[in-house]
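To start, the structure itself, in structure tokens.
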Number of protein chains: 2
Amino acid sequence: MATRIVMLAYPQMDQMDLTGPYEVFARLPDCRVQIVWKNRKPVRDSLGLTLVPDTKFSKVKGCDVLCVPGGPGQITLMEDEETLDFLRRMARTASYVTSVCTGSLVLGAAGLLMGYKATCHWLSLEQLSLLGAIPVAERVVVDRDRMTCAGVTSGIDFALMLARELAGENEARRISLAMEYDPRPPFPGLADEDSRLVEEVRLRTAAFQEQRVAVARAAGQRLLSHPDLP
Amino acid sequence: MATRIVMLAYPQMDQMDLTGPYEVFARLPDCRVQIVWKNRKPVRDSLGLTLVPDTKFSKVKGCDVLCVPGGPGQITLMEDEETLDFLRRMARTASYVTSVCTGSLVLGAAGLLMGYKATCHWLSLEQLSLLGAIPVAERVVVDRDRMTCAGVTSGIDFALMLARELAGENEARRISLAMEYDPRPPFPGLADEDSRLVEEVRLRTAAFQEQRVAVARAAGQRLLSHPDLP
């Protein structure tokens, strides 16, 4: 049977958290990738791109890989029991429970990262500890069957690593070559080399990040008394 | 006035050729990014992702940046006068005429790369010469107001370079940081290091590539007698 990959889509997600890994997964042999939301109405991402989900929660029986993208809409999802229930249901059959960017906070809010090492967008990494996860500042973090990755573009690196797990080294290399994935970032490196810019981004996003932290804290509290969780 | 960025979408394009640069462009201050096709019906990419265009050809008066993605659907476009006319019309006002992957073959078919250095996905690079362009095996090629880039993922590198032109170094760095663009490719390098794999991909795609070459050759012939071109 084909490997079933379920990717969550939702309003105000960051489209590239989804489209980056999608590009890799959809090239795998014997794979069926489905973009899933509550309904099949077009979903608008935080930057304005409109995607159409392939199917809705109620139609999906289970999956082998679950992947949750991040983006500002993740805040609403962390308090959305319908979505959290869906993710928990998918996780029961999945061999890999994965996320890109702040998607790991949604997995965390669903109680799916309790006691797992995980990562997130650099701005929000510490929030994972509010959800029972152990934050690790790496681009891709694998802990047992959980794979999480850092901000936005890290989804490509993660997806190629998962492709190697699913289909072997040769197939993953073939996909990398087909996508001509030999990046030449015009601004190599990140935070360390430009702390003034990091400070600027932290200041600009401070109010929004406060809201994100508050929601993560509340989600963490709810997890302590959730009936379905160990 | 806001910078107007027009990105072409079409059936059987490669979604990441569009979504990669979109992620960068949509983060620029004072920019309006529009995804444009003949009509506003959802467009399915070659891997199965469904995107909704923002507007249609007839509604777009002009733009500052034109960007054409690639993908197998590019073959049909190269013989589609409605699309080629639209691209020529956009190019008249654009300060930058750009493409990702085999999108450069579409620009070429529209006569927009005559005498320009340009690049393309590695498998199809040589076809540019059939369209009056000068193929250059680099990840991003800038020749006057033309910017073209190599396969799929190169669109991110190209878009950050263009972001620097449009909004300055600081803004482009901020976007790179927000996207956490510090790639760690699991399979670094490309063709040179794995010529067996390159050979395999060439063999697997030979029939399809033959079709692509034939269409490029025919488009090149038509350019020689096109009334609107110099």
Next item on the list: Just the number, please: buried accessible area between B and A, total of both chains, 1.4 angstrom probe, nearest 100 square angstrom.
Entry: 5300 Å²
Checklist line | Pseudo-label separations to other copies for residue A:39 - Cα-to-Cβ vector, 7 Å, nm | finding: 2.4
Item checked: Accessible area in the full protein assembly, largest first, 1.4 Å probe, for B:61, B:41 -> B:61, B:41
Notebook entry, point to check: Is the shape of segment A:89-156 best called rounded, prolate or oblate, per the rule: a/c under 1.5 gives rounded, else a/b larger than b/c gives prolate, else oblate, with a ≥ b ≥ c the square roots of the Cα gyration tensor eigenvalues?
Noted result: oblate
Item checked: Pairwise centroid distance, computed over Cα atoms, of segment B:172-188 with segment B:135-154, Å -> 19 Å
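Where only protein heavy atoms count, and the probe is 1.4 Å, what is the accessible area per residue for the protein assembly as shown in Å²? Could the numbers behind the result be given before it?
Working: 17820 Å² over 460 residues.
Per-residue accessible area for the protein assembly as shown comes out at 39 Å².
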Check: Computed over the Cα atoms of segment A:3-225, what is the convex hull's projected area averaged over all directions, in nm²?
Finding: 11.9 nm²
Check: Over the protein assembly as shown, what number does the Rg to Rh ratio reach, with both radii from the alpha-carbon atoms and Rh per Kirkwood?
Finding: 0.97
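Hey, which of these cross-link pairs are over 23 Å Cα-Cα: A:38/B:56; A:41/B:38; A:56/B:41; A:59/B:38; A:41/B:61; A:38/A:117? Display every interim value, and only then the final one.
On the way: A:38/B:56 28 Å; A:41/B:38 21 Å; A:56/B:41 20 Å; A:59/B:38 32 Å; A:41/B:61 29 Å; A:38/A:117 29 Å.
Pairs exceeding 23 Å: A:38/B:56; A:59/B:38; A:41/B:61; A:38/A:117.
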Notebook entry, point to check: What are the nm distances, shortest first, from residue B:79 to its equivalents in the other copies, labels at 7 Å along Cα→Cβ?
Noted result: 5.6
Margin query: For a quick check of understanding: with a 1.4 angstrom probe and all protein chains in place, what accessible area in square angstrom does residue A:64 have, to the nearest ten?
Written below: 40 Å²
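Multiply the residue separation of residue B:203 and residue B:126 by 0.36 nm, subtract the distance between their alpha-carbon atoms, and state the gained length in nm to one decimal. Don't skip to the answer; put the middle values down first.
Details: separation 77, 0.36 × 77 = 27.72 nm, distance 1.67 nm.
Full extension of this stretch gives 26.0 nm more.
Pairs of alpha-carbon atoms within less than 8 angstrom and 6+ residues apart define the contacts here; what relative contact order does chain B have, in percent? Can you show the working numbers first?
Numbers: 451 pairs, mean separation 41.5, N = 230.
Relative contact order of chain B: 18 percent.
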Check: What is the dipole size for the protein assembly as shown, taken about its Cα centre, with +1 at each Lys and Arg Cβ and -1 at each Asp and Glu Cβ, in debye to the nearest 20?
Finding: 1300 debye
Checklist line | Distances in nm from residue A:225 to the matching label points in the other copies, shortest first (labels 7 Å along Cα to Cβ) | finding: 8.1
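The values are calculated or read from the model by the stated rules, or taken from the named source; none is laboratory data. Since we're looking at a predicted model, the values are computed, not measured. As a convention, Cβ positions derive from the backbone with ideal geometry for all residues, glycine included, and neighbour counts pool all protein chains shown. In case anyone asks, the SASA skips ligands and DNA or RNA and just uses the protein heavy atoms, side chains included. Shrake-Rupley method; radii C 1.70, N 1.55, O 1.52, S 1.80 Å.
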